[in-house]
1. Could you please let me know if Gly106 is crowded, with 16+ Cβ neighbours inside 10 Å and either free of Cβ contacts under 8 Å to residues at least 12 places away in the same chain or in contact with a helix residue (DSSP H, G or I) (Cβ under 7 Å, 6 or more places away or on another chain) (or both)?
2. For region 47-91, which residues satisfy the criterion of being open to solvent by 50 Å² or more (accessible area, probe 1.4 Å), closer than 25 Å to Gln120 by Cα and under 15 Å from the mean Cα position of the chain (by Cα)?
3. Can you find a residue in region 142-150 that is open to solvent by 40 Å² or more (accessible area, probe 1.4 Å) and touching a residue at least 40 places away in the same chain (Cβ under 8 Å)?
4. So, restricting to strands (runs of 3 or more DSSP E) that lie completely within region 22-135, which ones have at least 1 residues that are touching a strand residue (DSSP E or B) at 6+ places or on another chain (Cβ under 7 Å) and either of a type in the set (D, E, K, R) or farther than 14 Å from Ile146 by Cα (or both)?
5. Where the second residue is of a type in the set (Phe, Trp, Tyr) and outside any helix (DSSP H, G or I) and the first is surrounded by 15 or more Cβ atoms within 10 Å (Cβ to Cβ) and lies in region 30-46, which pairs have Cβ atoms under 8 Å and are six or more apart or on separate chains?
Amino acid sequence: MKKSILYIAFMLTIGLASCGKGIYNERVVIPEAGWAQDFKTTYDLTVADTVSNYAFGIDVRHLENYRYSNLYVFMNTTMPNGNHTRDTIEITLSTPEGKWIGKSSGSMRDIRKILMPNMQFPLTGSYHFEIEQAMREPVLKGIADIGLYIEKQ
């Protein structure tokens, strides 16, 4: 019993130390890098702190053969009190000259879009987020995964 408590405490210490300022960072893989219009990525988060400031944003990983310079997504948010919001977000993936931006790894690009650099959660409780592509194509080729991140400032 004593060993298991020590083990759990040790694992929590390592886990919290490796988290840094991030309180949430979750990615959803898009099957076969083809994002269907009806495929929504979902993220659930329980918030206890409504005083601290957080950076809130979206991570996008795409292939270099993606045919557009940007990506439009819908973000649906459900707050603990049941209120819903729906926002349209544009994520720029290349310069006007056509040069890809973001970090490169082989034929893959990673973009981080900060939506709110100093956000405070208005309510404690469970938040539910959904992200869906808004590019008017039945299947959007070249998007590998979509993520949501929240970091304490």
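1. Working: crowded, with 16+ Cβ neighbours inside 10 Å: no; either free of Cβ contacts under 8 Å to residues at least 12 places away in the same chain or in contact with a helix residue (DSSP H, G or I) (Cβ under 7 Å, 6 or more places away or on another chain) (or both): yes.
No, not satisfied.
2. Scanning region 47-91 gives Tyr72, Phe74, Asp87, Thr88, Glu90.
3. So far as region 142-150 goes, no, none of its residues is open to solvent by 40 Å² or more (accessible area, probe 1.4 Å) and touching a residue at least 40 places away in the same chain (Cβ under 8 Å).
4. On the way: elements: 22-29, 34-36, 41-47, 54-63, 70-78, 84-92, 103-105, 108-119, 125-133.
Ranges flagged: 22-29, 41-47, 54-63, 70-78, 84-92, 103-105, 108-119, 125-133.
5. Ile30/Phe39; Tyr43/Tyr24; Tyr43/Phe129; Leu45/Tyr24; Leu45/Tyr127; Leu45/Phe129
The values are calculated or read from the model by the stated rules, or taken from the named source; none is laboratory data. Please read these numbers as outputs of a predicted model, since none were measured by experiment. Methodologically, a virtual Cβ is constructed for each residue, glycine included, from the backbone with ideal geometry; neighbour enumeration extends over all protein chains shown. To get the accessible areas, we keep the full protein, side chains included, count just its heavy atoms, and leave off ligands, DNA and RNA. Shrake-Rupley method; radii C 1.70, N 1.55, O 1.52, S 1.80 Å.
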